[in-house]
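Structure first, commentary second.
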Amino acid sequence: MGDTPIQGDRLRGHLEAMILAILDREPAHGFDIVKKLEARGEGALQMREGTIYPVLYRMEASGLIKAQWDESEEGRKGPRRKVYTLTRKGQRQLAKGREEWQHFVQVVGGIIGGTA
C-alpha cells in the first residue's frame, strides 16, 4: 500500500493546502510547484501539470496567492511563466489548513489506527 501512487480523488480537498505549503517556503511557477509536490511526496504523488493550473487560477482569484510574470528569465527559451507567491490571506488559510489537517489525522487515525 505504501508504494501506491496518490492521485485523482485522493488529492482532492488537500491540493490547495499542499500548494500553499509549497509557496510558504518560496515563490514558484506552476511546473516547479508540481515538481516540488512530487519531491516532498517522495514520489507517491503523481499529478499532471494541467491538474494544478485550474487550482492555481482559483486560488489567485480568491486572493490566496498572487501571480506575476517572471521577468528574470530573459535568455530563456519557451513561453513566459507566471511566478506564484503566497498572500497574507493565503498564509492565514495555510495555518487554518494545517490545524484542520492535524484534527483530521487525529480523528481518523483514532478510528482506523486500531488503537482502543
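Here are a few things to note about the model shown:
- Close contacts from the stretch 87-116, counting a first residue that is closer than 15 Å to Gly63 by Cα and a second that is open to solvent by 100 Å² or more (accessible area, probe 1.4 Å) and at pLDDT 90 or above, with Cβ to Cβ under 6 Å and a gap of 6+ residues or different chains, come to Thr87/Lys66.
- Among the residues making up the stretch 31-44, those that are open to solvent by 20 Å² or more (accessible area, probe 1.4 Å), of a type outside the set (Gly, Ala, Ser) and in contact (Cβ under 8 Å) with a residue 12 or more places away in the chain are Phe31, Lys36, Arg40.
- Selection within the stretch 79-93 - within 14 Å of the chain's Cα centre (by Cα) and surrounded by fewer than 19 Cβ atoms within 10 Å (Cβ to Cβ): Thr85, Gln91
- Residue count for the stretch 51-77 satisfying the condition of being at pLDDT 80 or above, among the small types (Gly, Ala, Ser) and either touching a Leu at 6+ places or on another chain (Cβ under 7 Å) or exposed (fewer than 15 other Cβ atoms within 10 Å of the Cβ) (or both): 3.
- Members of the stretch 100-112 that are over 16 Å from the mean Cα position of the chain (by Cα) and open to solvent by 60 Å² or more (accessible area, probe 1.4 Å): Gln102, His103, Phe104, Val105, Gln106, Val107, Ile111, Ile112
- For the stretch 1-30, the set of residues classified as loosely packed, with under 12 Cβ neighbours inside 10 Å and modelled with pLDDT of 75 or more consists of Arg25, Glu26, listed by residue number.
The values are calculated or read from the model by the stated rules, or taken from the named source; none is laboratory data. Note that the coordinates shown come from a computational prediction; the quantities given were computed from them, not determined experimentally. All Cβ positions, even for glycine, are placed from backbone atoms using ideal geometry, and neighbour counts span all protein chains on display. Note: areas computed on protein heavy atoms with side chains; ligands, DNA, RNA excluded. Shrake-Rupley method; radii C 1.70, N 1.55, O 1.52, S 1.80 Å.
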